[in-house]
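Working notes, beginning with the structure itself.
What follows is calculated from the coordinates using simple rules that are stated; it is not laboratory data. Since this is a predicted model, take the numbers as computed values, not measurements. Positions of Cβ are generated from backbone atoms using ideal geometry, with glycine treated the same way; all protein chains shown enter the neighbour counts.
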Amino acid sequence: MKVAAIQALFANNNFASARRIEGIATELRGAGLLPKGGRGPHAPDANEAHAALFALAVAGAERVQDAVSTAITVKKMVDEKGMDVFFALSHAIGDPIMAAMIRRVQVWPFGAEITWRHPGEADHVQRFFEPATWGLEHFDPESCGSTFAGRIGHIGGGVVDQLALKFQEREDEGAGWSGDRQIVETV
């Protein structure tokens, strides 16, 4: 799947203007966090990890110029068991069945959460914060997302589902899982 197709999916779902989404992609490409190269059919393919990082940057960045720092900060956030939000989201994008279980992803400046739906059960909220935050005395992860007064970015589960289906189509066409989940950090 090309980065332009990922950008179009976000623009078509009214996450932001096409100009803002293009600006975020340009910032991430400049930092080496998205593939760069030719255009059209010669453009390099993005993998599930690139799509997850782009989604987190679009949801979390308040300004286009903040996209790289937001992506790197959010990428480091972990849940109480040590799983990072980046891995959880990229893994879900790579698996349409798992992607269908996501109700929403929320990102704010100091945390993120994924709400998972389970048939016949209450939704499960998986919260992510910087690793040092989990060890703080009096830290209450339950109240963090609900008490924040500021910009909270939302990614609906339907968008994650659409990304997963697009990557599944690519796999069915023979491209397969790219196998490369590593993204070069420039910080």
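Tabulated results
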| item | result |
| --- | --- |
| Qualifying strands (runs of 3 or more DSSP E) (wholly inside the range 47-138; at least 2 residues being buried (at least 22 other Cβ atoms within 10 Å of the Cβ)) | 102-108, 111-116 |
| Check on ILE114, within 19 Å of VAL3 (Cα to Cα) and in contact (Cβ under 8 Å) with a residue 12 or more places away in the chain | no |
